[in-house]
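In what follows, a single structure is set out as structure tokens and then discussed.
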Amino acid sequence: MTRHLSLLGTLAGLLAGPLLWAALMQAGQLLPHAECGAPPPAASAWLTGGGIALSLASALAAAAARRGQAAPRRFLAGLGLLIGLLFAFAMLLQLLATLLVDPCAR
């Protein structure tokens, strides 16, 4: 059971960040038109914040999967950790752009 959980943590770290970022990029193209005139913490800001939290959680799962593994799996789990953190940072920058740029501007 522990082996399956470590594999799941590794896959979460490798895949969750990029998939969340791709979904948030698509939402970032659609939501500003609907949010024109809405108060500042609009839906896209909340979605991006949730994406950051999920990406960090997947990075933590990959870090936990790294312990006690053989070298190839430890490398993949470490890579999942770094990918999760990298995409969390990208989503943080996207959140800052969401909060700073007026959604009504074209």
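Numbers for the structure displayed
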{"read-out": "Pick from the range 53-64, criterion closer than 13 Å to ALA16 by Cβ and touching a Ser or Thr at 6+ places or on another chain (Cβ under 9 Å), ranking: surrounded by the most Cβ atoms within 10 Å (Cβ to Cβ)", "value": "ALA62"}
{"read-out": "Counted residues, the range 4-33 - those being polar (S, T, N, Q) and either over 19 Å from the mean Cα position of the chain (by Cα) or closer than 18 Å to LEU86 by Cα (or both)", "value": "2"}
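To keep it simple, each residue is scored yes or no on (1) modelled with pLDDT under 90; (2) within 18 Å of the chain's Cα centre (by Cα); (3) surrounded by fewer than 20 Cβ atoms within 10 Å (Cβ to Cβ); (4) at negative phi.
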| site | (1), (2), (3), (4) |
| --- | --- |
| GLU35 | yes, no, yes, yes |
| ALA45 | yes, yes, yes, yes |
| GLY51 | no, yes, no, yes |
| ARG67 | yes, no, yes, yes |
| ALA70 | yes, no, yes, yes |
| MET91 | no, yes, no, yes |
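The values are calculated or read from the model by the stated rules, or taken from the named source; none is laboratory data. Predicted model only: the values in this text are computed from it and were never measured. All Cβ positions, glycine included, derive from the backbone under ideal geometry; neighbour counts span all protein chains shown.
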